[in-house]
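Peer 1: Please see the structure below; I have some questions.
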Amino acid sequence: MAKSKRKNSGGLVFSTDPDFEPFETVDDEMNLPNSEQVLRVWLERGKGGKESTIVKGYVGGAAKLAELAKVLKSKCAAGGNAKDGIIIVQGNHRDKVVQMLQDMGYTNTKKAGG
């Protein structure tokens, strides 16, 4: 079965309004300056005691999030991923990530979660 080429209705299933036009989604490329971003850096432990550094609170487009994640992962020499406004870097790099983010202009960056 082929996918339909209709507009994304944002989860709307049915409308009885004959003049209804599907609303446009919110622009994904919001440009909030680095100094106004409020980022929190967490340390989480997963299965087998493996640690990962989590950066939460990023507001902006997926492309800029992926670019920031790429920089952080390369500077930490670790793997990870970025999606839904969250960056995950494998390993305990919390101090290094906080310092790098502050050097990049993210002045509201703090450690969180104990």
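The values are calculated or read from the model by the stated rules, or taken from the named source; none is laboratory data. Quick caveat, the model's predicted, so the values are computed rather than measured. Methodologically, a virtual Cβ is constructed for each residue, glycine included, from the backbone with ideal geometry; neighbour enumeration extends over all protein chains shown.
Peer 1: Do any residues in the stretch 75-94 that are without any contact (Cβ under 8 Å) to a residue 24 or more places away in the chain have Cβ atoms under 6 Å from those of residues that are surrounded by fewer than 17 Cβ atoms within 10 Å (Cβ to Cβ) and hydrophobic (A, V, I, L, M, F, W, C), where the two are at least six apart or on different chains, and which pairs are they?
Peer 2: Filtered contacts from the stretch 75-94: A82/A66.
Peer 1: Before we move on, is S4 modelled with pLDDT under 90, surrounded by 11 or more Cβ atoms within 10 Å (Cβ to Cβ), more than 15 Å from the chain's Cα centre (by Cα) and over 23 Å from V98 (Cα atoms)? Walk me through how you get there before you give the answer.
Peer 2: Working: modelled with pLDDT under 90: yes; surrounded by 11 or more Cβ atoms within 10 Å (Cβ to Cβ): no; more than 15 Å from the chain's Cα centre (by Cα): yes; over 23 Å from V98 (Cα atoms): yes.
It is false that S4 is modelled with pLDDT under 90, surrounded by 11 or more Cβ atoms within 10 Å (Cβ to Cβ), more than 15 Å from the chain's Cα centre (by Cα) and over 23 Å from V98 (Cα atoms).
Peer 1: Can you tell me which residues in the stretch 75-94 are buried (at least 19 other Cβ atoms within 10 Å of the Cβ) and in a loop (DSSP other than H, G, I, E, B)?
Peer 2: H93 - this is the single residue of the stretch 75-94 that is buried (at least 19 other Cβ atoms within 10 Å of the Cβ) and in a loop (DSSP other than H, G, I, E, B).
Peer 1: Quick one: in the stretch 95-113, which of the residues that are surrounded by fewer than 17 Cβ atoms within 10 Å (Cβ to Cβ) and touching a residue at least 60 places away in the same chain (Cβ under 8 Å) is farthest from K64 (Cα to Cα)?
Peer 2: G113
Peer 1: In the stretch 53-74, how many residues are surrounded by 15 or more Cβ atoms within 10 Å (Cβ to Cβ) and either outside any helix (DSSP H, G or I) or touching a residue at least 60 places away in the same chain (Cβ under 8 Å) (or both)?
Peer 2: Of the stretch 53-74, the ones surrounded by 15 or more Cβ atoms within 10 Å (Cβ to Cβ) are 53-58, 60, 64-65, 68-69, 72-73.
So of that shortlist, the ones also either outside any helix (DSSP H, G or I) or touching a residue at least 60 places away in the same chain (Cβ under 8 Å) (or both) come out as 53-58, 60.
Residues in the stretch 53-74 being surrounded by 15 or more Cβ atoms within 10 Å (Cβ to Cβ) and either outside any helix (DSSP H, G or I) or touching a residue at least 60 places away in the same chain (Cβ under 8 Å) (or both): 7 in total.
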